[in-house]
Each structure stands twice: as structure tokens, then as C-alpha cells.
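Read the structure below first, then the notes.
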Amino acid sequence: MTNANKDKLSSARFSQATDAFVEIFTASVGFDQRMAQQDIEGSIAHATMLCTIGILTKAERDSIFQGLEQIKSEIERGEFQWSIQQEDVHMNIEARLTDLIGMAGKKLHTGRSRNDQVATDIRLYMRMEINAIIAMIERLQHALLALAEREAGTIMPGFTHLQVAQPITFGHHLMAWFEMLVRDKERLQDCLKRVNIMPLGAAALAGTSYPIDRELTAKLLGFSRPSANSLDSVSDRDFAIEFTAAASIIMMHLSRFSEELVLWTSAQFAFIELPDAFCTGSSIMPQKKNPDVPELVRGKSGRVTGHLMSLLMLMKSQPLAYNKDNQEDKEPLFDTVDTLINCLRAFADMIPHIQAKPENMLNAAKKGFATATDLADYLVRKGMPFRDAHEVVGLAVRLGVESERDLSELSLAELQDFSEMITEDVFDILSLEGSVAARKHIGGTAPDTVRQAIQTARAALPAKR
Ligand code: ARG
């Protein structure tokens, strides 16, 4: 008979051992051992607090510290014997502690429950991972800034409806991605405020009759404060849902970036070259160079959104307070963390090696009558109402389409047929360079404005780590 089963039968409540399959079915140690370091950290703080309020003697506390330190190094060295019979990370560590130090180990669980213990562990774990994710976002942001700086003056077509709309600079396009990441990071930082609140002390659901000092435990663990309601503390996982929602938005952004990279590497666009190290060939078509990394990132966005749905469904019908359902929060959460950090890393590693093909970008911008709006604006500046100008430019574009020429390739006489207001200076604004240079207000695509935006962004970003 297993240890936990022996304990269970020694408890007067049970006369039957747990079914062997049920034992496996209900165990979480296979995945929650990932929180072992946080579990130990939480126990050290709890034991410290129990000693200051006189529940543990100093000798008992120190013996607990020693035992936990040994367990920590056993885990780090991969020597810890995890057992399904001990169900989860909490009971595995506690059982080993009692093996190692005897009686004092059994006292550690005074005034707490696995319900507040697990909620504490998850929050500690998430705090660590959110900080790691933020650091990875910043790495990617630095990579984008460097590339945007290099390409601040590179002209490319800007699209709406995936049709050439107006010329922009490649640097400006990259800075659009950068801005999405600024908000992504803010969402995580905001989420962190609610993650960093301590449930420990809520015990099973109603608190405990021991005179615990929750302020002290919170301080020891670096939490901003103890939670305000014991029932809420052990039951809600909204902070995990919130994190997964923020993660889904980040993945959605990465998926959009990916989609553009995939399009741009195609022969039809040929705007950029991805580094060979981030692409693979085809087993049958020797000419292929596939953009696997962005495709995979695009694909993985669905999986993170799936985890968000799992967590929402997991939570929605649970009565207060803790229910075993909550054990199902961990796998979606862990996979969200892994997926997100790997995708961010792949991007941060890949972006610096992207090679732009300015010639192709320029030619594509030339093909789509990208300066039609500039011509309309020109006529408006000369006094024509915008709607009339729109009409005139429409006629000019039609002539361009029919004769297969860009607006800048029409002659002055041809343009003047559409309006007498047009004079020689029109060719300044029909050039792509003139078009982008004119958009120099805050948020505009002019190369100098983009360089300014990059500088401002870099100043606001923590230095490269
Ligand atoms: N393994 C459990 C979980 O992940 C720990 C809490 C179990 N509490 C209980 N009363 N069964 O949620």
C-alpha cells in the first residue's frame, strides 16, 4: 500500500483505499512539480512567520529550513523522487521533509492548507515568469528599433485591404509593431499588480484560528499585501485568466507580424530575405526556402487563445470556495508561458538578421498609384474642394491604368487636361520620396520623423540586458 493511502486509512474518515486509477487520475505532481521552488520559498516564509508567533521553536524552524534546503538541492540535481502516491508537489515536498527531519516537518502545515498554498505558489511562479516575459519583449523591442533605424528611409508601399494605398517607410512599418509591444508590456505590468497579492493565510477557505501575521509573510515573499478575503483568495484564478488574455493578445500581434513576414518573403512580394538559419527547405522541391519560424508562431497563437478559453470555462461555474477543478489551471497556464516565451525569443533572435530588399519595395510602391492622395491634396492646397480633387485624380489614375504608367510618368500637358491648377511643381509631390517626406507630423511616416520616434522609444525602453 502506498504512503498516502496508509495516511488515508490511518484517518478515521476513510475505510477504503483510493482506487489505483483514481490515484493516477487525480494526481497533479506530473505537472505541478514545476512550482517546486516557489512551494519551498512559500514554506520557508510560512515557517519563519510561525516561529515569530511562537507556534514553532527556533530549533524546529531551523530544522525545517535545513530540510527544505536539502530538498531544493535534490530537486535541482534531479535526484528528488517524485511520487504519484503523494498526489501533488505540496504533499511530495512535505512528505520528504518529514522523512528527513521527523516531527518538525509535520508541524509545517499548521495554519495553512494546500488551498492557500497552491494559490500562493501559482502567484509566485507567475510573477517570475511575467518578469521573464517582459524582459523578452524588451529584447524584441530593441531588435525592432535597430532594424527600424537601419530602414528609416526605405520606401515601401503601405497597404489597406492589402492593396497598395500610400507610400510609407519600412522603418515606420516596423515601429507600428514596436508600438503594439509597448501596450503588450503595459498589459503584463498591470496584470502583475493583481498577481502580486498574497493568498497565504486564507487556509482552506475561512482563515485560521492561529494568530498568524500575514503582513510579515507577505513581506518575506515580496508580495505587495495580503489578500483581503479568504474565500476569494483560495478560489479565484482570474489573475491567471487575465495573464492568458494578455498573452493571447501578444500572440495575436506576433501572428500578424508573422503573416506579413510570410507574405514579404514570397516571390510575389520579395520585400525581405529571412536568415537561412530560420528557414527550412523542402524535401521534394529543391528551390524552396520556407519561412517556418513565422508560420509556426502564427500557428501557435491559436493554441494560446485556446488556453484562455479553457481557463474561462474552468472558472465560470465554480461555487465558492476552492474546488478540485482548479487543479486544471496549471497545464494551460504553463503551456501559455512556454509558448509565449519561445515565440518572443524566436522573433527577437530572427529580427536582427532580416535583410530588406529596398529595390523591390520601391518598385511595388511605384506600381500602385500610391501618390494619388498626394495629388488630391495638392489640388486642395491650390483651392479645389477635396471631393472635386478626388474626382480629378480618379480620371488621372484611369489614364495611368490605360496607358500602363504611374502618375509621375504622365506629362504635364496630360495632367493639365484634368485641371488647369496643375503646374510643373506637381512632380515634386508625385515622387514617392516627396510623399513620405511631407508626412512629418507626430506619428507620420517621414524618415526624419521615424528617426525621432525611434529615439524617443529607445529613451523610454530599459537598456539592453
Ligand atoms: N493539487 C491541488 C491543486 O492544484 C492542490 C490543492 C488541493 N486541495 C485540496 N483540498 N484537494 O489545486
- Placing +1 at every Lys and Arg Cβ and -1 at every Asp and Glu Cβ, with all other atoms neutral, what dipole size does the chain have around its Cα centre, in debye to the nearest 20? 1420
- Query: Given LYS72/LYS106; LYS367/LYS440; LYS58/LYS107, which pairs have Cα atoms separated by over 21 Å?
  - Reply: LYS367/LYS440
- On Cα atoms only, tilt of 89-101 relative to the major axis of the chain in degrees: 40
- Query: For ARG187 and HIS161, what does the FRET efficiency come to when R0 = 30 Å and r is the distance between their Cβ atoms, rounded to the nearest 0.05?
  - Reply: 0.55
- Message: Checking the table LYS185/LYS219; LYS219/LYS316; LYS185/LYS357; LYS193/LYS300; LYS185/LYS300; LYS185/LYS464 against a 21 Å threshold on Cα-Cα, which pairs fail?
- Response: LYS185/LYS219; LYS219/LYS316; LYS185/LYS357; LYS193/LYS300
- Mind giving me the FRET efficiency for GLU433 and SER224? R0 is 60 Å, r the Cβ-Cβ distance, nearest 0.05 is fine. 0.70
- Query: Rounded to a whole number, what % of the accessible area of segment 31-163 do carbon and sulfur atoms account for, probe 1.4 Å?
  - Reply: 50
- Query: Taking the simple approach of a point 7 Å from Cα along Cα-to-Cβ for both GLN16 and ARG405, what is their distance in nm?
  - Reply: 9.1
- Shape of segment 1-143, Cα gyration tensor, a/c cut at 1.5: oblate
- Tell me the label-point distance for the pair ARG77, ILE442, using the 7 Å Cα-to-Cβ offset, in nm and rounded to one decimal. 6.0
- Query: Among 450-460, 91-101, 282-292, 380-390, how do they line up from the highest to the lowest mean number of other beta-carbon atoms within 10 Å?
  - Reply: 91-101, 450-460, 380-390, 282-292
- Query: Given a Förster distance of 41 angstrom, what is the FRET efficiency for GLU259 paired with GLN416, based on the Cβ-Cβ distance and rounded to 0.05?
  - Reply: 0.45
- Message: Report the gain in length on full extension from ARG194 to PHE65: 0.36 nm times residue separation, minus Cα-Cα distance, nm rounded to one decimal.
- Response: 43.5 nm
- Note on the structure: Note: LYS106 to LYS464 extended length (0.36 nm per residue) minus current alpha-carbon separation gives 124.2 nm
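Where the only charges are on Cβ atoms (+1 Lys, Arg; -1 Asp, Glu), what is the dipole of segment 384-465 about its Cα centre, to the nearest 20 debye?
For this selection, approximately 1160 debye.
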- Of ILE130, ASN92, TRP82, which is farthest on the positive side of the dipole of segment 1-139, counting Cα position, with +1 on Lys and Arg Cβ, -1 on Asp and Glu Cβ, and the Cα centre as origin? ASN92
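The values are calculated or read from the model by the stated rules, or taken from the named source; none is laboratory data. In this text the structure is predicted, and so the values were computed from the model without any measurement. Don't worry about glycine lacking a Cβ; one is built from the backbone with ideal geometry, like all the others, and counts go over all protein chains shown. Note: areas computed on protein heavy atoms with side chains; ligands, DNA, RNA excluded. Shrake-Rupley method; radii C 1.70, N 1.55, O 1.52, S 1.80 Å.
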